[in-house]
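> Let me give you the structure first, and then I'll get to my questions.
Values quoted throughout were computed directly from the atomic coordinates according to the rules given, and no laboratory measurement underlies them. As the structure is a prediction and not an experimental result, all values here were calculated from the model. Heads up, the Cβs are rebuilt from the backbone with ideal geometry, glycines too, and the neighbour counts pull from every protein chain shown.
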Amino acid sequence: MNRAYISLGANIGNCRKNIQEAVIQIQKKIGILTDLSSLYVTPAWGFEGPNFLNACIGIDTNDKPLKILEKLLDVEQAMGRERDTKTGYNSRFIDLDLLFYADQIINTSALILPHPKIEFRNFIMHPLNEINPNIIHPTLKKTIADLLLVSSDKSKVKKLPMSDWSPMLFETNRILILEGNIGVGKTLLAQKIADQYQVPFLRENFKENPFLEKFYNDSQTYALSLENYFMKSRFRQFQEFINDKASSLKGVADHSLFRSLIFAKINLASLDFHSFKKNYLAWSNKFYLPQKVIYLKHSVDKLRENIKIRGRDYEQKISKEYLTNIDLGYKLFFDLENEFPYCEIDLSDLDFVKDEAAYQIILLRIKAFLAFGKNPTKLPH
């Protein structure tokens with residue numbers, strides 16, 4: 001897998017929407033969104049025209065450079081761009097350029113890499129410098145940060161707040177279900193999304209479970225009581241939400257119904273689990289939930305660090321082995337028992353609490369999943 005950097009620009013129509021749509025299409029066709037600059041307002045370059053909105057992104061991809069170029073041209077054409085080499089620079093609904101592909105140098109009639117004249121274009125240099133100032137230009141042998149310092153382009157650029165990306169997630173009725181291991185950050189992210197989009201937040205009522213602390217002290221004795229309580233509580237919470245919001249089922253939850261199956265399979269003896277699953281299936285047939293599942297992942301070491309930081313005494317006894325078994329439980333569920341698509345997001349390099357860009361990358365990955373119903377961590381073919 002290689003890292004490719006792509007510039008995006010538009011100065012006709014709804015420019016922000018056009019650029020967002022291009023990022024969604026790039027995720028579908030080319031690879032995984034890894035880096036995201038702010039949006040920049042910049043003057044037209046090389047011709048007189050309306051100001052542009054520009055940005056740069058990083059993508060992890062298995063595609064070769066020529067294949068990426070071909071797919072970028074397809075996205076442009078689908079969005080209404082008509083390239084005319086005879087008329088030179090002009091206004092456009094969308095403009096997509098492959099800037100770098102790893103450290104490759106290509107000079108053919110079809111493609112030149114790195115993209116020519118990058119160092120003379122502030123509308124590329126500023127957003128590129130924002131996402132990775134340490135990129136080394138393979139022919140000029142200088143970093144983007146160094147090239148920007150000596151750039152001859154004196155045109156002014158205006159950096160917009162990173163939050164201006166914020167794609168629409170709730171155009172239709174849906175409940176975003178954030179799932180994942182203990183300590184992965186489900187509640188923090190769900191609360192952040194719910195607050196931003198002004199939708200209800202369905203929070204797991206774990207504190208009301210009278211068996212939780214007892215389970216961590218004596219799992220064998222209290223496992224069945226723990227899981228039965230959680231299962232009934234989750235079904236009741238979602239049922240009440242559906243009854244209350246029947247005409248507008250929009251919201252975010254930090255837990256799913258099927259979470260009960262995953263944890264029960266880990267915590268219960270086989271006979272108890274068989275009985276438990278039978279009850280679960282009986283409950284699950286009672287209603288339909290328009291859920292879209294976002295599966296969050298972290299390394300086990302990071303999970304343990306998060307658990308320690310949040311400081312719940314009874315959780316400090318959670319072992320590395322138990323967290324590993326939960327990860328395996330999710331994998332087994334999604335591989336074998338899952339009947340709906342899900343979006344897997346590894347948070348290892350996405351600190352959405354401290355980094356607004358990381359948060360917006362998560363939102364754009366979710367948006368791509370909602371648009372195409374496919375897991376954006378599975379690379380396109």
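> Which residue, Lys250, Lys158, Lys117, tops the fluctuation ranking in a GNM of the chain built on C-alpha contacts under 10 Å?
Lys117
> Check the straight Cα-Cα distances from Lys278 and name the lysines below 19 Å, setting aside those fewer than 8 residues away within the same chain.
Filter leaves Lys232, Lys265, Lys286.
> Quick check: the angle from helix 186-197's long axis to the longest principal axis of the chain, C-alpha only, nearest 10 degrees?
Here the helix axis deviates by roughly 60 degrees.
> How are the Cα pair distances of region 2-164 distributed, in percent, across 10 Å bins from 0?
Spelled out per bin, shortest first, that is 10, 42, 40, 7.
> Now for a separate question. Mind checking the dipole of region 174-348: about its Cα centre, +1 per Lys or Arg Cβ, -1 per Asp or Glu Cβ, Debye to the nearest 20?
300
> A further question follows. Among Leu148, Leu66, Leu261, whose mean-square fluctuation peaks in a Gaussian network model of the chain (Cα, cutoff 10 Å)?
Leu66
> So, one more: Between the alpha-carbon centers of region 10-79 and region 301-355, tell me the distance in whole angstrom.
Result: 33 Å between the Cα centres.
> Still on this structure, please answer the following. Quick one: grab the alpha carbon gyration tensor of region 81-157, order the square roots of its eigenvalues as a ≥ b ≥ c, and give me rounded if a/c is under 1.5, else prolate or oblate depending on whether a/b is larger than b/c.
oblate
> At R0 = 22 Å, how high is the FRET efficiency between Gln191 and Ile266 if r is their beta carbon distance? Nearest 0.05 is fine.
0.25
> Report relative contact order for region 259-381 in percent, whole number only (criteria: Cα-Cα under 8 Å, sequence separation at least 6).
Once divided by the residue count of region 259-381, the mean separation gives 29 percent.
> Could you work out the relative contact order of region 113-210, using alpha carbon pairs under 8 angstrom and six or more residues apart, expressed as a whole percent?
Taking the mean separation of contacting Cα pairs over the length of region 113-210, I get 18 percent.
> Can you tell me the Rg and Dmax of region 1-52, counting just the alpha carbons, in angstroms?
Rg and Dmax of region 1-52, Cα atoms, are 12.7, 40 Å.
> Using a 7 Å offset from Cα along Cα-Cβ at Arg310, what residues in region 212-233 end up with backbone N under 12 Å from the label point?
Flagged as within label range: none.
> Distance in nm between label sites at Met1 and Lys317, each 7 Å beyond Cα in the beta-carbon direction?
3.8
> Working only with C-alpha atoms, what are the Rg and Dmax values of the chain, expressed in angstrom?
Rg then Dmax for the chain, in Å: 24.0, 78.
> Between Asn205 and Ser91, what length comes free when the chain is fully extended (0.36 nm per residue of separation minus the Cα-Cα distance, one decimal in nm)?
Difference between extended and current length: 35.7 nm.
> For Lys158 and Ile106, calculate 0.36 nm times their separation in residues minus their Cα-Cα distance, and state this gained length in nm to one decimal.
Gain on stretching Lys158 to Ile106: 15.5 nm.
> Report, in debye and to the nearest 20, how large the dipole of the chain comes out about its Cα centre when Lys and Arg carry +1 and Asp and Glu carry -1 on their Cβ.
Taking the Cα centre of the chain as origin, the dipole is about 380 debye.
> Something else: Would you work out the relative contact order for the chain, in percent, from Cα pairs under 8 angstrom that are 6 or more residues apart?
Result for the chain is 20 percent.
> Who wins for biggest fluctuation among Asn285, Asn134, Asn181 in a Gaussian network model of the chain, springs between alpha carbons below 10 Å?
Asn285
> A further question on this structure: What angle do you read, to the nearest 10 degrees and between 0 and 90, between the alpha-carbon axis of helix 122-131 and the longest principal axis of the chain?
30
> Here is a further query. Order of 272-280, 9-17, 223-231, 106-114 by packing, highest average Cβ count within 10 Å first?
Ranked from most to least packed, the peptides come out as 223-231, 9-17, 272-280, 106-114.
> Modelling each spin label as a point 7 Å along the Cα-to-Cβ direction, I'd like the Leu140/Ile182 distance in nm, to one decimal.
The modelled label-to-label distance comes out at 5.2 nm.
> Turning to a different aspect of this structure: If you take the charge dipole of region 2-164 about its Cα centre, with +1 on Lys and Arg Cβ and -1 on Asp and Glu Cβ, which of Asn134, Leu73, Trp45 is farthest toward its positive end?
With unit charges placed on the Cβ atoms, the residue in question is Trp45.
> Something else now. How large is log10 of I(q)/I(0) for region 174-348 at q = 0.15, 0.16 Å⁻¹ when the intensity is taken from the Debye formula with one equal scatterer per alpha-carbon?
Summing over Cα pairs of region 174-348 leads to -0.90, -1.04.
> Treat each spin label as a single point 7 Å out from the Cα along the C-beta direction, and report the Asp74 to Lys331 distance in nm.
About 3.1 nm separates the two model spin labels.
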